[in-house]
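The values are calculated or read from the model by the stated rules, or taken from the named source; none is laboratory data. Please read these numbers as outputs of a predicted model, since none were measured by experiment. As a convention, Cβ positions derive from the backbone with ideal geometry for all residues, glycine included, and neighbour counts pool all protein chains shown.
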Amino acid sequence: MRQPLWKQWLSYIFEFHIESTSSDHNDQLNISLYKNRYQLYTENAIYSFGDLYDNFTETFKLIHLPKDEAKILVLGLGLGSVPLILEKKMQKKYYYTAVEIDEEVIGLTTKYTLPQMNSPMQMIAADAMIWVDLCQEKFDLIAIDLFLDDIIPAKFEKQDFLEKCKGLLHPNGVLLYNRLAYTSMDVDSSAAFFKTTFAPVFENPTHLDVHKNWMLLNDKKHLKNL
């Protein structure tokens with residue numbers, strides 16, 4: 001959905017509220033236009049901010065991305081920032097599968113983000129835990145961005161979930177796991193998760209400190225600066 005030109009221009013100065021809704025999974029889902037990008041946010045967290053969702057943008061710049069025509073799995077859709085960044089910022093031609101538990105979020109993505117994209121994207125309304133358990137496909141990149149407000153549900157912080165995700169990767173595939181690092185408590189929590197849960201699953205993992213987030217990476221070999 002395109003906004004009037006005057007609103008697009010002024011959005012670089014002011015943030016415009018576009019609409020608000022709710023669902024069984026989110027008490028608040030708000031859409032605003034800021035810097036001519038749609039932003040999806042809840043009471044305590046920004047779920048998506050177009051190609052300015054900088055934690056993923058900066059991460060993609062630091063790693064070797066799969067070649068064109070790769071298959072990408074996005075767990076936690078937001079407003080579709082990950083596919084949008086890869087297409088618009090990184091100029092990649094990929095095939096996307098996005099799993100999102102909240103049908104309202106899928107509806108908002110269909111309304112506000114899909115019209116901006118050329119890449120094919122299959123959006124699936126499902127619990128990521130159940131879907132990963134049943135999936136038989138393999139992917140070249142998996143982006144995990146599973147938040148309810150500003151909390152990652154506990155079931156997605158288990159080694160069992162990570163093992164299932166690892167099983168969906170091609171041998172040289174990239175897995176990214178987005179976590180908050182906004183406060184010292186967030187950093188401590190993410191560091192503990194990395195050490196005790198994430199690292200034991202993958203052979204050579206690391207983390208990137210990007211825009212008050214930690215992006216956990218399954219293998220250091222994917223970094224460009226090595």
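For the range 1-11, a residue qualifies if it is touching a residue at least 12 places away in the same chain (Cβ under 8 Å) and part of a loop (DSSP other than H, G, I, E, B), and the qualifying residues are Met1, Arg2, Gln3, Ser11. Go through (1) part of a loop (DSSP other than H, G, I, E, B); (2) of a type outside the set (A, V, I, L, M); (3) out of contact with any strand residue (DSSP E or B) (no Cβ under 9 Å at 6 or more places or on another chain) one by one and return the number of the condition Phe14 breaks. Phe14 satisfies all of (1) part of a loop (DSSP other than H, G, I, E, B); (2) of a type outside the set (A, V, I, L, M); (3) out of contact with any strand residue (DSSP E or B) (no Cβ under 9 Å at 6 or more places or on another chain) except (3). Taking each residue of the range 50-78 that is charged (D, E, K, R) and looking for partners that are assigned to a helix (DSSP H, G or I) with beta-carbon atoms closer than 8 Å, six or more apart or interchain, yields Asp51/Thr57; Asp51/Ser81; Asp51/Leu84; Asp51/Ile85; Asp51/Lys88; Asp51/Lys89.
Within the range 118-145, the residues that satisfy the criterion of being closer than 23 Å to His64 by Cβ, within 16 Å of the chain's Cα centre (by Cα) and not aromatic (Phe, Trp, Tyr) are Met121, Asp140, Leu141, Ile142, Ala143, Ile144, Asp145.
Take the conditions hydrophobic (A, V, I, L, M, F, W, C), touching a residue at least 24 places away in the same chain (Cβ under 8 Å) and part of a helix (DSSP H, G or I) and apply them to Ile31. Does it pass?
Values: hydrophobic (A, V, I, L, M, F, W, C): yes; touching a residue at least 24 places away in the same chain (Cβ under 8 Å): yes; part of a helix (DSSP H, G or I): no.
In short, no.
Among residues of the range 35-47 being in contact (Cβ under 8 Å) with a residue 40 or more places away in the chain and either polar (S, T, N, Q) or part of a strand (DSSP E or B) (or both), the one that is nearest to Ile144 (Cα to Cα) is Tyr47.
Does the range 54-72 contain at least one residue that is aromatic (Phe, Trp, Tyr) and surrounded by 15 or more Cβ atoms within 10 Å (Cβ to Cβ)? Yes: the range 54-72 contains one or more residues that are aromatic (Phe, Trp, Tyr) and surrounded by 15 or more Cβ atoms within 10 Å (Cβ to Cβ). The set of residues in the range 17-28 being assigned to a strand (DSSP E or B) and either touching a residue at least 24 places away in the same chain (Cβ under 8 Å) or aliphatic (A, V, I, L, M) (or both) consists of Ile18, Thr21. On the stretch given as the range 17-41, residues that are in contact with a helix residue (DSSP H, G or I) (Cβ under 7 Å, 6 or more places away or on another chain) and exposed (fewer than 14 other Cβ atoms within 10 Å of the Cβ) total 1. Of the set (1) at pLDDT below 95; (2) over 20 Å from Lys138 (Cβ atoms), all apply to Phe194 but (1).
Which is surrounded by 15 or more Cβ atoms within 10 Å (Cβ to Cβ), at pLDDT 95 or above and within 22 Å of Asp140 (Cα to Cα), of Asn204, Asn178? Criteria check complete, one pass: Asn178.
From Ile142, Ile151, Ile130, Ile124, grab the single residue that is surrounded by fewer than 17 Cβ atoms within 10 Å (Cβ to Cβ), modelled with pLDDT of 95 or more and over 28 Å from Arg2 (Cα atoms). Explain how you work it out, then say what you get.
Working: Ile142 fails: surrounded by fewer than 17 Cβ atoms within 10 Å (Cβ to Cβ); Ile151 fails: modelled with pLDDT of 95 or more; Ile124 fails: over 28 Å from Arg2 (Cα atoms).
Unique residue meeting the criteria: Ile130.
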